[in-house]
Structure formats: structure tokens, C-alpha cells
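Trainee: Before we start, here is the structure in question, set down as C-alpha cells.
No lab work stands behind these numbers, since they all come straight from the coordinates. Nothing here was measured: the structure is a model prediction, and the numbers come from that model. Positions of Cβ are generated from backbone atoms using ideal geometry, with glycine treated the same way; all protein chains shown enter the neighbour counts.
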Ligand SMILES: Nc1ncnc2c1ncn2[C@@H]1O[C@H](COP(=O)(O)OP(=O)(O)O)[C@@H](O)[C@H]1O
Ligand SMILES: [Mg+2]
């Protein structure tokens with residue numbers, strides 16, 4: 001049993017509220033990703049779960065025990081650090097064996113465990129090397145092996161892939177997912193990379209300025225963000241935000257700027273300053289009643305899709321993601337529209353979601 | 001034309017550097033040569049670059065057991081005891097300073113012990129010239145009966161070396177990523193064992209470099225030693241200094257022998273430091 005529960009967890013460093021009263025329940029066996037921009041308190045949260053940082057207030061529960069005051073070594077956790085934290089003065093073998101030696105496991109047993117685990121993550125041929133001589137990917141696997149060898153009930157990982165190059169990072173994502181599927185332990189994974197969060201998580205916890213913004217499955221967080229911050233954090237390129245005004249209509253609402261008038265049937269309530277959010281893939285060319293003219297000012301082919309920058313008369317251009325087959329050239333004048341069911345609206349001042 | 005100048009410049013630079021090396025090394029060369037010469041060759045004209053009949057008589061003279069004596073108005077210095085005293089005082093003093101100072105450096109680097117300005121406060125002690133503290137120490141030491149004792153001089157050396165040790169060890173401790181210690185703590189390693197199996201191995205070169213550095217300082221320290229000791233304790237620099245005050249300061253051979261003997265450990269340690277400095281600062285290999 002290794003569910004985790006955080007209750008009003010807070011950490012204050014001097015004047016900084018690094019973690020600001022977060023509540024979170026992680027069921028046993030879940031792969032949870034804490035994601036947010038740098039400095040939002042992810043590492044501090046993870047360190048408090050690990051016992052490496054003492055909470056200013058609040059409690060941490062692992063399984064049925066309140067572990068807030070427990071030593072790190074008593075919590076049965078494994079952690080992979082951002083810097084990997086391999087001991088430079090020990091060989092790979094000794095690095096992996098170290099946690100077993102601490103637990104006074106018999107030498108023959110240590111050797112067989114190290115061998116099993118290092119084969120699992122494919123570092124069996126590196127056992128005599130020193131960490132400094134390993135490549136980024138190899139060091140990554142060794143760090144993983146050292147964590148695996150004691151079979152912890154919870155894995156904590158702090159941006160473990162950030163030192164790898166892009167291709168390897170994508171490979172390791174898949175491998176970690178496989179590992180999780182095989183072990184069925186609880187994983188708490190920290191990253192600032194929204195793509196990593198989207199692809200790996202069972203559930204995503206979005207953090208900003210020490211607070212949890214939203215908790216949900218990847219597609220929930222992507223498609224149904226609770227506020228402008230979450231909406232802007234996920235997706236590449238980012239969601240388009242258009243500032244304007246919301247006016248009530250008999251059968252819904254209407255969003256108005258100087259150049260756009262978007263009717264939003266079935267969306268009640270709300271008036272005043274608002275921000276309309278629409279993802280690039282939900283902007284499309286169409287002629288009709290609810291469409292607006294724009295000039296294509298820039299084209300960025302991605303290979304599988306193409307990004308278009310559309311000047312429609314607003315303060316910044318609108319980014320649209322279209323099929324590569326779309327025949328379009330810079331300077332073209334086209335009409336575009338939004339997929340009305342995918343348009344989201346935020347309060348102009350608070351940034352909170354309105355008119356669902 | 002330009003190519004010619006490019007070839008010429010390194011040549012000139014090397015010639016200048018060689019000349020300067022010769023200037024700095026010449027006195028040492030002359031001292032070592034003199035220590036192997038018979039009395040007749042100490043001051044002859046033209047000067048002898050090498051002893052014609054190399055001899056160890058000067059070394060035998062200063063190294064025979066016993067205490068320094070006056071014979072026929074000429075002082076005969078014996079240095080076995082000063083060498084021992086210097087080894088004891090510099091060795092123990094440096095060792096204690098390194099133990100205490102590295103503990104302080106670690107606790108400040110990791111836990112902020114003593115507050116943000118602590119290392120600077122400690123350093124400000126070092127800003128006081130030794131001459132200023134020498135006389136007050138005499139006053140204290142008379143009361144505490146520490147004047148002319150090993151304990152007294154060792155205590156003073158520990159105090160004066162602490163700032164150096166703390167600052168050097170701070171640099172070495174800060175090279176050890178905190179995450180290494182945290183990783184070990186998560187595996188259930190006690191704080192003390194973390195020190196032994198993670199911090200100590202990774203700062204070992206730093207400890208050696210620091211020890212050698214303060215040892216050399218203490219080995220050649222004169223002012224405090226001469227002020228705070230008399231007959232019971234007498235270090236090498238004091239003994240060497242006595243030649244200046246000898247009635248007939250023409251005993252160049254034994255003097256050169258003492259000088260050579262006093263320099264030897266420092267030179268050896270200089271080479272050791274070089275090796276360890278390289279290793280001590282090679283932590284860049286760690287992934288940050
Ligand atoms: N030991 C510390 N002392 C002071 N401030 C800290 C300390 N650790 C983190 N912080 C601050 O707390 C905030 C959150 O840090 P962190 O949890 O490392 O963020 P993240 O991992 O999300 O990038 C940051 O503003 C950071 O500067
Ligand atoms: Mg971090």
C-alpha cells in the first residue's frame with residue numbers, strides 16, 4: 001500500500017511561499033506528474049514527500065501513516081534526482097549496491113540483485129565503469145537501477161530526463177511508462193515539460209506559484225482547462241488568446257472585439273471583459289456567416305502539419321495549424337473560423353474559466 | 001615579416017622567463033651548494049660554483065644530538081630538537097585546524113550555522129596583523145602558564161589557521177552536490193555515515209591540499225613563535241634566525257645546511273600540493 005496524501009502542505013523560504021497549502025491524494029499505483037513552470041514549487045513538494053525538506057505546515061501521509069516527521073530513510077521511497085546524484089567515487093556496481101549495503105544485505109545476494117536490476121535497465125555491461133565516463137543515457141539508467149534495486153513502494157522523480165538530448169528523452173519516456181506498467185508502484189514525476197506530462201501521466205497536477213491549478217487526466221487538462229494559465233501552459237504552439245468583451249444574448253453569449261464577433265450558442269451568463277481561447281488546431285479556413293477575413297503573414301511547415309500566422313486585424317496574429325495538403329502562400333487572403341464547441345472563455349481580470 | 005615576429009615573440013618570452021627563473025632560483029642554488037662546502041670554500045674569489053670536495057660535515061655538525069652551545073665565542077647550533085619541535089607544533093596545529101575548520105565549513109555550507117556572515121567574520125580575524133595579537137597573547141599566556149609550551153603555540157597556530165581552513169574547505173564542500181547527500185539520506189544512511197561515505201571521499205583531496213597549505217604556513221612562521229617561546233620550545237625559523245644575532249655570524253656552512261633542511265619539506269610538499277590541487281578541483285566531472 002503506497003497511496004500518498006498531502007494535506008494543506010506549505011513550505012515558506014524567508015519571503016517566498018514555495019508551496020502554498022496544497023491538497024492532493026494519489027492512489028496506489030498511479031503515475032502522477034507534477035508540472036509547472038520553473039520555480040512553481042515542484043521540487044520543494046517532492047522533497048517534502050521525500051522528507052528532505054521539512055514542511056512549514058501541513059501533513060504528508062504515505063499509506064495509512066502520517067510520515068511528516070519521519071526521516072527520509074524510513075519512508076521506503078526511491079528517488080531519481082535531476083542531477084542523477086550518482087556517487088562519483090564509486091563504480092556503477094557500487095552505486096547500485098550501495099543502498100543494499102546500507103540495508104546489510106548479504107554480499108552474494110547483493111551481487112545477484114545488482115545483476116538482475118542492471119539487466120532490466122540494460123546497464124549490465126557498465127558495472128565496472130565510473131559515473132563520469134558514462135553517457136547521459138547510461139547515467140540515467142544507472143540512476144534508475146540504483147532506485148529500483150531496493151524495490152521502493154513509491155518512486156519520486158525530479159526532472160530525470162532533463163539532461164538527455166531530445167531523441168533519447170522521448171525513448172526514455174516510453175521506457176519509464178513500461179517500467180511503471182510492470183512494477184505497478186506509485187510514481188510521482190516532476191517536470192516542467194508539458195509534452196512529458198501529457199504523454200506519461202495517468203493524472204497531471206498543474207502547479208503555479210506554489211498552488212495547484214488543476215488536477216486531471218491529460219486530455220481533460222488539455223481540452224478543459226480551468227483557467228488561462230493552464231490553457232496557455234499546454235500545447236505547442238500555445239493556445240491563441242484574444243481579448244475582448246462578452247455580451248449576453250438571448251440564447252447564449254457573444255464575444256466581441258473590433259474585428260471579431262463570435263456567437264456562442266448555449267453558453268449562458270457573463271458579461272464584461274473576457275479572453276477567448278482557441279487552440280491552433282481549432283482554427284480553420286471556412287466561408288460562411290461566422291467567418292472573418294485574414295491575411296497569411298507567415299508559414300511554418302512542421303512536416304506533418306503546417307503552422308500559419310493569420311493577420312485578422314487584432315493586436316497579434318492568430319496561429320492556425322492546418323493540414324500539409326492545404327494550398328496556401330504568404331500574402332493569401334482567406335476566411336477563417338473557430339470550432340465553436342472548442343472555444344474557451346476566461347474572465348478578463350481573474351483569468352478563471354467562464355461560460356462553460 | 002609578421003611570421004618572423006610571431007616566431008620571435010615566444011623566443012623572447014621564454015628567454016625572459018628563463019632569466020627570471022635563474023634570478024629567483026640562484027640564492028637557493030647557492031645555499032644548497034654552500035651547505036656541501038668546506039669552510040675554505042664558503043667565501044673565495046673567484047666563487048666556486050660547485051664544491052671541489054663535497055662534504056657532509058656541515059650537516060653532521062648541526063644534526064648531532066645535544067643543545068646549541070657557545071665555543072670560543074662562536075655559536076654552534078644543533079637543530080635536531082628544533083626540527084622535532086617544528087614538526088610537533090606545525091603538524092598538530094595544522095591537523096587540529098583542519099579538523100575543526102572543515103567541520104565549521106561543512107556546517108556553514110549545509111546548515112548556515114552561525115549566520116550568513118560567519119565566514120566573513122572569521123576572515124576578519126585574519127585581517128589583524130599578527131604583530132597586533134602577539135603581545136596580548138604574551139599577557140594571556142603568562143597568566144595561563146602557556147608561555148614557552150607546545151600547547152600554547154599549537155593553540156595559537158590553530159587559531160590563526162582556522163580562517164584559511166574554513167575558506168578553503170568551503171570551496172571544496174560546495175563542490176559536493178547536496179543531492180548526493182540527499183540521495184544517501186533517502187537510502188536510510190545516517191548523517192554521520194553520509195559524512196564518512198560520501199562527503200569525506202569527495203573532499204579528501206581538498207583536505208590534503210588544505211593541510212599542506214597551513215602546514216607550510218606554520219612551518220615557516222616566525223613572529224608568533226619567537227614572541228611566545230623561549231628555551232623549552234624552539235622552532236626551526238627561530239633557530240635559523242639566531243644566526244643573525246650570533247657574535248660571529250660567519251658560520252655559513254652550517255647555516256646553509258639548516259636552511260636546506262628547513263626548505264626540504266616545503267619543497268616536497270609543494271610538489272604534492274601541485275598534484276592534489278589538480279585532483280582537488282577536478283569535480284567538474286560531476287553532472288550538475
Ligand atoms: N532552499 C531554498 N531557499 C530559499 N528559497 C528556495 C529554496 N528552495 C527553493 N526555493 C524557492 O522556492 C521556489 C520553488 O522552488 P522549486 O520547488 O525548486 O521550484 P521548481 O522545482 O518548480 O522549479 C522558488 O522560488 C525557489 O527560489
Ligand atoms: Mg525543480
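Trainee: Report the antiparallel proportion of the DSSP beta bridges in the protein assembly as shown as a percent, rounded to a multiple of 5.
Mentor: Antiparallel bridges: around 80 percent, rounded to the nearest 5.
Trainee: Testing the spin-label approximation: label points 7 Å from Cα along Cα→Cβ at residue B:196 and residue A:175. State their distance in nm.
Mentor: According to this spin-label approximation, the distance is 3.5 nm.
Trainee: Also: How high is the FRET efficiency between residue A:57 and residue B:223 when r is their beta carbon distance and R₀ equals 56 Å, given to the nearest 0.05?
Mentor: Plugging the Cβ-Cβ distance into 1/(1 + (r/R0)^6) gives 0.50.
Trainee: OK, next. Using a 10 Å cut-off on Cβ to Cβ distances, tally the other chain neighbours for every residue of A:79-85 and report the average as a whole number.
Mentor: Average per residue, whole number: 6.
Trainee: Now for a different question. Over all distinct Cα pairs, what is the inverse of the mean 1/r for segment B:177-273, reported as the Kirkwood hydrodynamic radius in Å?
Mentor: By the Kirkwood definition, the hydrodynamic radius is 17.0 Å.
Trainee: Quick check: from the Cα gyration tensor, does chain B come out rounded (a/c under 1.5), prolate or oblate?
Mentor: oblate
Trainee: Hey, another quick one. If you take each beta carbon of peptide B:171-182 and count the beta carbons of other chains within 10 angstrom, what is the mean?
Mentor: For peptide B:171-182, the averaged partner shielding equals 3.
Trainee: When only Cα pairs under 8 Å and 6 or more residues apart are kept, what is the percent relative contact order across chain B?
Mentor: 28
Trainee: A further question on this structure: Which whole number gives the average count of other chain Cβ atoms within 10 Å of the Cβ atoms across peptide B:191-201?
Mentor: Shielding by partners across B:191-201 averages 2.
Trainee: Suppose each label sits 7 Å from its Cα in the direction of the beta carbon; what would the residue B:95-residue A:329 distance come out to in nanometres?
Mentor: Taking the simple label geometry, residue B:95 and residue A:329 are separated by 8.7 nm.
Trainee: Further question: With an 8 Å Cα cut-off and a minimum separation of 6 or more residues, compute the relative contact order for chain A in percent.
Mentor: Relative contact order for chain A comes out at 15 percent.
Trainee: To continue, here is another question. Apply the a/c threshold of 1.5 to the C-alpha gyration tensor of segment A:187-227 and tell me whether it is rounded, prolate or oblate.
Mentor: Oblate, since a/c reaches 1.5 and b/c is not below a/b.
Trainee: Show me the ranking of peptides A:140-150, A:259-269, A:123-133 by mean Cβ neighbours inside 10 Å, starting with the highest.
Mentor: By packing density, highest mean first, the sequence is A:140-150, A:123-133, A:259-269.
Trainee: Here's a follow-up. Please state the relative contact order of segment A:1-86 as a whole percent: Cα pairs under 8 Å, 6+ residues apart?
Mentor: Across segment A:1-86, relative contact order equals 31 percent.
Trainee: Turning to a different aspect of this structure: Of the DSSP beta bridges with both residues in segment A:131-224, give the percent that are antiparallel, rounding to the nearest 5.
Mentor: Of all bridge pairs located within segment A:131-224, approximately 50 percent are antiparallel.
Trainee: Nearest 10 degrees is fine. How inclined is helix B:150-174 to the longest principal axis of chain B, computing both from alpha carbons?
Mentor: Between helix and principal axis, roughly 50 degrees.
Trainee: Compute the length gained on full extension between residue B:150 and residue B:6: take 0.36 nm times their separation in residues and subtract their Cα-Cα distance, giving the result in nm to one decimal.
Mentor: Once the chain is fully extended between residue B:150 and residue B:6, it gains 46.0 nm.
Trainee: Shifting gears a bit: Along its three principal axes, how long is segment A:78-134 when you only count alpha carbons? Whole Å, largest extent first please.
Mentor: 29, 22, 19
Trainee: Now for a different question. Mind checking the alpha-carbon convex hull of segment B:137-233 and giving the volume per residue in Å³?
Mentor: 117
Trainee: Give me P(r) over the protein assembly as shown, computed from all C-alpha to C-alpha distances, binned every 20 Å, as integer percentages.
Mentor: Binned Cα distances yield the sequence 14, 31, 27, 18, 8, 2, 0.
Trainee: In degrees, nearest 10, range 0 to 90: what is the angle between the Cα axis of helix A:92-102 and the longest Cα principal axis of chain A?
Mentor: 70
Trainee: Write down the Å³ per residue value for the convex hull defined by the alpha carbon atoms of segment A:48-183.
Mentor: Dividing the Cα hull volume of segment A:48-183 by its residue count gives 127 Å³.
Trainee: Which value, in Å to one decimal place, does the Kirkwood hydrodynamic radius take for segment B:148-196 when every pair of different Cα atoms is included?
Mentor: The Cα-based Kirkwood calculation yields 13.3 Å.
Trainee: If you count the DSSP beta bridges with both ends in segment A:37-187, what percent of them are antiparallel, to the nearest 5?
Mentor: The antiparallel proportion sits near 25 percent.
Trainee: Next up: Rounded to the nearest Å, what's the spacing between the alpha carbon centres of segment A:7-28 and segment A:188-237? Just the number, please.
Mentor: 17
Trainee: Where Rh denotes the Kirkwood radius from the mean inverse Cα pair distance, what is Rg over Rh for chain A?
Mentor: Result: Rg/Rh = 1.07.
Trainee: Okay, next question. Once you have a ≥ b ≥ c as the square roots of the Cα gyration tensor eigenvalues for segment A:1-101, tell me rounded if a/c is under 1.5, and otherwise prolate or oblate according to whether a/b is larger than b/c.
Mentor: Prolate.
Trainee: Could I ask something else about it? If you count, for each residue, the other Cβ atoms within 10 Å and average over each peptide, how do B:78-88, B:114-124 line up from highest to lowest?
Mentor: B:78-88, B:114-124
Trainee: Given labels modelled 7 Å from the Cα in the Cβ direction, how far is it in nm from residue A:290 to residue A:251?
Mentor: 1.0
Trainee: In degrees, nearest 10, range 0 to 90: what is the angle between the Cα axis of helix B:2-35 and the longest Cα principal axis of chain B?
Mentor: 60
Trainee: Report the Cα centroid-to-centroid distance between segment A:70-98 and segment B:99-164 in angstrom, as an integer.
Mentor: The distance from the Cα centre of segment A:70-98 to that of segment B:99-164 comes to 38 Å.
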